[in-house]
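The values are calculated or read from the model by the stated rules, or taken from the named source; none is laboratory data. What you see is a predicted model, and the numbers here were worked out from it, not measured in a lab. Every residue, glycine as well, gets a Cβ built from its backbone with ideal geometry; the counts of neighbours run over all protein chains shown. SASA here: full protein model, heavy atoms, side chains in, ligands and nucleic acids out. Shrake-Rupley method; radii C 1.70, N 1.55, O 1.52, S 1.80 Å.
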Amino acid sequence: MVAELAPHIQHVSNISLVPVQPGLGAPLDSADADAALANLLGPDGMGTTRALEVYHSFVVPNCNPQGDLRSLAYVPNAPCAESVLLDSLLTGATFMGTSWQEASGAVAAENQALRWLADLIGFGQAAGGTFVAGGTIANVTAMAVAANRARELWPDAKLAVAASSEVHSSIRMAARMLGLEFVSLPCDSDLRLTRASLAVLDGVNPFRICALVASAGTTNVGAIDDLRGVGEWCGANGIWMHVDAAYGGGALTVPEASPWFDGIDLADSVVIDPHKWLFSTLDCSALIYRNPNEAKQLFGQRAAYIESAVGGDTWDPSDYAPHFTRKCRGLPFWFSLVARGSDAIASDVRRGIELARETADVVRCEPTLELVMEPTLSIVVFRRLGWQRADYEEWAARLLAAGIAFVAPTTVKGEAAMRFCFINPETSMMDVRLILATML
Ligand SMILES: Cc1ncc(COP(=O)(O)O)c(C=O)c1O
C-alpha cells in the first residue's frame, strides 16, 4: 500500500512536489535568531502592530505546532476547540488559582475535573490534588511527598526511588533533585514492570524504597506496567506507589481500554496530563493523591500576610504542590469536559489507539519495515531494515525541514527505531502512509 504511494511522492530531498503542511519546519540557527531579534527592544517600543508583525513573521514560522496532523514526535499536544476557547478567555481574567478565597468558582470547577479523573482511577472520596504545569513537575511533586513520609518513618535510612528502566526521565531527575538514590528494575520482554521485576527488592537492599513508580503508558512504547502486581507488593511492604499515567491515563476514558489499568486504584498518587491525551491546552497536568493531607503537610505555605487566604478549612490548590500563584490551568480541561461530554473525549482517544494499530498493520505489510512490538496505546515503534540511528535522524530532519512531518527516532531494546505517537484524532492513515512512503 505504501509502496504504491511512493512514486507519487517526491523524495524529501526534492521538496517541490511534496504536499507541505503549513507550520512545520527545521529549527533556527541560534545566530540567525539573535540577528532577527537584534534591536527590537528599546525605550519607546515599536507599537503593537509592528510587534505583532514580528510575532507573525519570526515567532510563528519558527515554531512547530504540536497539533499538526503529522506531528508524531514525543507526545504531541492537540487541544480541542473548547479548551482553546476557554484558555483564551482565561488568560486575561486575572483569576488566581491559589486559594478558595481568591477563585472559589475556578477551584470548584477544577476540583470537579479532578474528581472525574479520580473516579476513572477508582480512588475514594478522600482523594484530591491539583493541576500543575506538566508531568515532570507532577512526578517530582509526588516523589517529594513520598520521600517526606519515608523520612518521618525512617529518619536515618538511605532512601531510594525504584522504577523500571523504561520509566520517564523525570523520575530519575526527581530522585537526583530530592537527594534520593534510583533503583532501576528490569522489565519483561514487553518492556513492562511486573511482580517478578520486584524480586530484586525482596533481597538485602542497602536502601529503603520510599516510592515505587509504575508507568501506565511508557513514553517510549506505551507499555502499561502490571499495576495490580506492583500495587499489591507496595501495599504488603508499606511503600508509596506512584503511577505515572501522564501520557497513557487518557485511555482510562475508553471502556474497552480501562481493564489494562487494573490496579491503578492501589496507588498513593497518580499523574494524568490533560495536555497530552485529553486534548487540553498547554500546560495542564493533574496530580491526584489518595490521601491529599500528606501533601498538604509538606506544601502548605503559612505566613501572616496570607493568613486570610490559606490555612482554613477550604480547599486551597497551593497546599498540594510546590506552587502558590497559579493559573487556573485545569479550567480549559474542565470546560472541554462540560461542553463536549466524556463520550466525545473517549472517541478521540480511541482514534489514537486505532491509528497505532492501523499503522502497525501497514508496517507489517511492508517488506522493508519491521514492527518492533504490538502497540497497546497510541504509540507504534518499528524499524526500517538496514537503517542505523544516523539514518533515522537524517530522514527525520529532512522531513521536518521540508515541512512534511515532525517525527523523532528512538532506541528500543538497544536498537534504533522509529516511533510515532498519535494524539490528534484528525490525523489520517493518508498522513501516515505519506510519511512511511518517504522511508522506503
Ligand atoms: C509517561 C510520561 N511521564 C511524564 C512526562 C513528562 O511530562 P511533561 O513533558 O508534561 O513534563 C511525559 C512526557 O512525555 C510522559 O510521557
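The sole residue among S336, S378, S428 that is open to solvent by less than 10 Å² (accessible area, probe 1.4 Å) and farther than 28 Å from V167 by Cα is S336. Scanning the range 147-164 for residues that are under 17 Å from V243 (Cβ atoms) and either within 16 Å of the ligand (Cβ to nearest atom) or of a type in the set (F, W, Y) (or both) returns V161, A163, S164. Counting only helices (runs of 4 or more DSSP H) that fall entirely inside the range 286-386 and contain at least 3 residues that are touching a Cys at 6+ places or on another chain (Cβ under 7 Å), the qualifying elements are 331-340. Could you please give the count of residues in the range 188-200 that are β-branched (V, I, T), open to solvent by less than 80 Å² (accessible area, probe 1.4 Å) and touching a Leu at 6+ places or on another chain (Cβ under 9 Å)? So the answer is 0. Of the helices (runs of 4 or more DSSP H) entirely within the range 80-187, those holding at least 3 residues that are open to solvent by less than 60 Å² (accessible area, probe 1.4 Å) and under 20 Å from L278 (Cα atoms) occupy 81-91, 100-121, 135-153. Among the residues that make up the range 412-425, is at least one of them assigned to a helix (DSSP H, G or I) and open to solvent by 10 Å² or more (accessible area, probe 1.4 Å)? No, there is no match, as no residue in the range 412-425 is assigned to a helix (DSSP H, G or I) and open to solvent by 10 Å² or more (accessible area, probe 1.4 Å). Screening G235, G248, G231, G203 for residues that are without any contact (Cβ under 8 Å) to a residue 40 or more places away in the chain and open to solvent by less than 20 Å² (accessible area, probe 1.4 Å) leaves exactly one candidate, G231.
Checked against (1) within 16 Å of the ligand (Cβ to nearest atom); (2) at pLDDT 95 or above, N64 passes all but a single condition, namely (2). For the range 282-303, a residue qualifies if it is among the small types (G, A, S) and either modelled with pLDDT under 95 or surrounded by fewer than 18 Cβ atoms within 10 Å (Cβ to Cβ) (or both), and the qualifying residues are G300, A303. Each residue in the range 256-281 was checked for being open to solvent by 10 Å² or more (accessible area, probe 1.4 Å), in contact (Cβ under 8 Å) with a residue 40 or more places away in the chain and in contact with a Gly (Cβ under 8 Å, 6 or more places away or on another chain), and 3 of them qualify. Mind checking which residues of the range 188-221 are closer than 18 Å to A267 by Cβ, hydrophobic (A, V, I, L, M, F, W, C) and outside any strand (DSSP E or B)? L193, L198, L201 - these are the residues of the range 188-221 that are closer than 18 Å to A267 by Cβ, hydrophobic (A, V, I, L, M, F, W, C) and outside any strand (DSSP E or B).
Being open to solvent by less than 10 Å² (accessible area, probe 1.4 Å) and in contact with a helix residue (DSSP H, G or I) (Cβ under 7 Å, 6 or more places away or on another chain) is a property that does not hold for S215. Residues of the range 222-240 being in a strand (DSSP E or B) and within 16 Å of the ligand (Cβ to nearest atom), which ones? The one that is in a strand (DSSP E or B) and within 16 Å of the ligand (Cβ to nearest atom): I224.
You will find that of R357, R384, the residue that is within 21 Å of the chain's Cα centre (by Cα), more than 21 Å from D68 (Cβ to Cβ) and of a type in the set (D, E, K, R) is R357 and no other.
Within the range 19-61, being assigned to a helix (DSSP H, G or I) and of a type in the set (S, T, N, Q) holds for S30, T48, T49, S57. Filter the range 69-96 for residues that are in contact with a Phe, Trp or Tyr (Cβ under 8 Å, 6 or more places away or on another chain) and more than 25 Å from G248 (Cβ to Cβ) and give the result. L85, the sole residue that qualifies. Contact list please: Cβ distance under 7 Å, first residue in the range 130-144 and within 13 Å of R326 (Cβ to Cβ), second residue assigned to a helix (DSSP H, G or I) and near the ligand (Cβ under 9 Å from one of its atoms), pairs at least six apart or on different chains. Going by the 7 Å Cβ cut-off, the qualifying pairs are V132/A138.
Taking the condition away from the ligand (no atom under 11 Å from the Cβ), at positive phi and surrounded by fewer than 23 Cβ atoms within 10 Å (Cβ to Cβ), does G311 pass? So G311 fits the description; yes. Quick one: would you say D262 is modelled with pLDDT of 95 or more, away from the ligand (no atom under 16 Å from the Cβ) and charged (D, E, K, R)? Considered against the rule, which asks whether it is modelled with pLDDT of 95 or more, away from the ligand (no atom under 16 Å from the Cβ) and charged (D, E, K, R), D262 comes out as yes.
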